[in-house]
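Here the structure comes first, spelled out in structure tokens, and everything after it is commentary.
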């Protein structure tokens, strides 16, 4: 082999070595990214569970609030009905006393 060919082969070997080191770094980064993604997946799954639980609690609370509102509304109507009846009785008694 000629000296020029040997020089060219050595240069290519050096370039391949540099390229190999770069590939190893990329592989290490890909492994780190995979680990990070797995950790993030676990975190997101836990967050999803927490959100589902909070949503369920909110629906339950909303249902209770609606029931309480319905009781209050019907109770308020009953109170107004009693007040009107008592005013009617008062008016009748006042008319009886005045006559």
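Since every read-out is calculated from the coordinates, none of them should be taken as a lab result. Being a predicted model, the structure only gives us computed values, none of them experimental. Here the Cβ positions follow ideal geometry from the backbone for every residue, glycine too, while neighbour counts run over all protein chains shown.
Calculated FRET efficiency, residue 54 and residue 30, Cβ-Cβ r, R0 30 Å, to nearest 0.05? About 0.25, to the nearest 0.05.
Label sites at residue 44 and residue 64, each approximated as a point 7 angstrom past Cα along Cα to Cβ, lie 3.3 nm apart.
Taking the longest Cα principal axis of the chain as reference, the axis of helix 3-98 is set at about 0 degrees.
Across all directions, the average projected area of the convex hull around the alpha carbons of the chain is 11.7 nm².
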